[in-house]
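These notes are about the structure you will find just below.
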Amino acid sequence: MNNENALIVFQKNAVLGKVKSRLAATIGEEKALEIYKSLLLHTFGEINKLKGIDTSIFYSDFIEFDSESAYKAEYKEIQVGGDLGERMSNAFRKLFQEGYKKVVIIGTDCPEIQSSDIDAAFRSLEKNEVCIGPALDGGYYLLGMRRFNECLFQNIPWSSSEVTAKTKEILISRQISFDLLKTLRDIDTEEDLIAIFPK
């Protein structure tokens, strides 16, 4: 542990037929994999610009040590748990147990995310217990907290348009202070792809 700030990257291994299933359904698996690899390169390009933050990659299936998306991270782990909420919860718990004071998680599906957005999340956590980077589809591309709040990973309809709304409901009901960052678009479907990269 070199810093008090930790960034978790939830990354699916770039394997044909295993990534961007909704996108692959309309443009094909090979094209979807190519796009996913470009998203990885963008994400880690932005992470490379960050200072004072320890990075942990949590892979979906196996740890990558030598690939185009491999990154010199403080930790490399495999995601553990049933649904997405349990896997994220376990990752947050692990890093808080390591002694980090502020922990932020991102995925690798957001071509609009910049290093400044991640920096903004850590700055937000100086005043708020939680911060959320809402995605246009109702999910979120980023979640940050300065203490472990397991409740944020329970009874959430993952992969739905209600994720951010339900998370906010929990925060409000438990009087946990939070901040909303700017809304960005993930790439999950061909419609998202065209919206961000018009033909």
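The values are calculated or read from the model by the stated rules, or taken from the named source; none is laboratory data. None of the values given here were measured: they were computed from a predicted structure. Every residue, glycine among them, receives a Cβ derived from its backbone with ideal geometry; neighbour counts consider all protein chains shown. Keep in mind that these areas ignore ligands, DNA and RNA; they rest on the heavy atoms of the full protein, side chains included. Shrake-Rupley method; radii C 1.70, N 1.55, O 1.52, S 1.80 Å.
General remarks:
- Filtered residue count, region 103-154, keeping only those that are without any contact (Cβ under 8 Å) to a residue 40 or more places away in the chain, open to solvent by 20 Å² or more (accessible area, probe 1.4 Å) and within 24 Å of S21 (Cα to Cα): 1
- Residue among F44, F58 that is open to solvent by less than 20 Å² (accessible area, probe 1.4 Å), aromatic (F, W, Y), farther than 19 Å from V130 by Cβ and not in a strand (DSSP E or B): F44
- Among residues that are of a type in the set (S, T, Y) and either part of a loop (DSSP other than H, G, I, E, B) or open to solvent by 40 Å² or more (accessible area, probe 1.4 Å) (or both), T26 is included.
- Pairing residues of region 31-51 that are without any contact (Cβ under 8 Å) to a residue 40 or more places away in the chain with residues that are in a helix (DSSP H, G or I), at Cβ distances under 6 Å and at least 6 apart in sequence or on separate chains, gives A32/L23; A32/A24.
- Each residue in region 108-136 was checked for being of a type in the set (S, T, N, Q), in contact with a strand residue (DSSP E or B) (Cβ under 9 Å, 6 or more places away or on another chain) and over 24 Å from K12 (Cβ atoms), and 2 pass.
- Unique residue being open to solvent by 20 Å² or more (accessible area, probe 1.4 Å) and at pLDDT below 95 when the list is S173, S159, S177: S159
- Residue in region 123-135 that is closer than 25 Å to L40 by Cβ, at pLDDT below 95 and among the aliphatic types (A, V, I, L, M) present: no
- Only a single criterion out of (1) in contact with a strand residue (DSSP E or B) (Cβ under 7 Å, 6 or more places away or on another chain); (2) closer than 26 Å to R185 by Cβ; (3) of a type in the set (V, I, T) is not satisfied by V19, namely (1).
- If you check R22, R87, R93 for being under 30 Å from N155 (Cβ atoms) and free of Cβ contacts under 8 Å to residues at least 60 places away in the same chain, only one passes: R93.
- Selection count where residues are basic (K, R) and either within 17 Å of the chain's Cα centre (by Cα) or modelled with pLDDT of 95 or more (or both), scope region 9-48: 3
- S69 fulfils the conditions (1) at pLDDT below 90; (2) within 25 Å of K101 (Cβ to Cβ) except for a single criterion, (2).
- Filter result for L16 (part of a loop (DSSP other than H, G, I, E, B), open to solvent by 40 Å² or more (accessible area, probe 1.4 Å) and either of a type in the set (A, V, I, L, M, F, W, C) or farther than 16 Å from I105 by Cβ (or both)): yes
- Any hit, region 90-97, residues being crowded, with 17+ Cβ neighbours inside 10 Å, under 21 Å from Y141 (Cβ atoms) and modelled with pLDDT under 95: no
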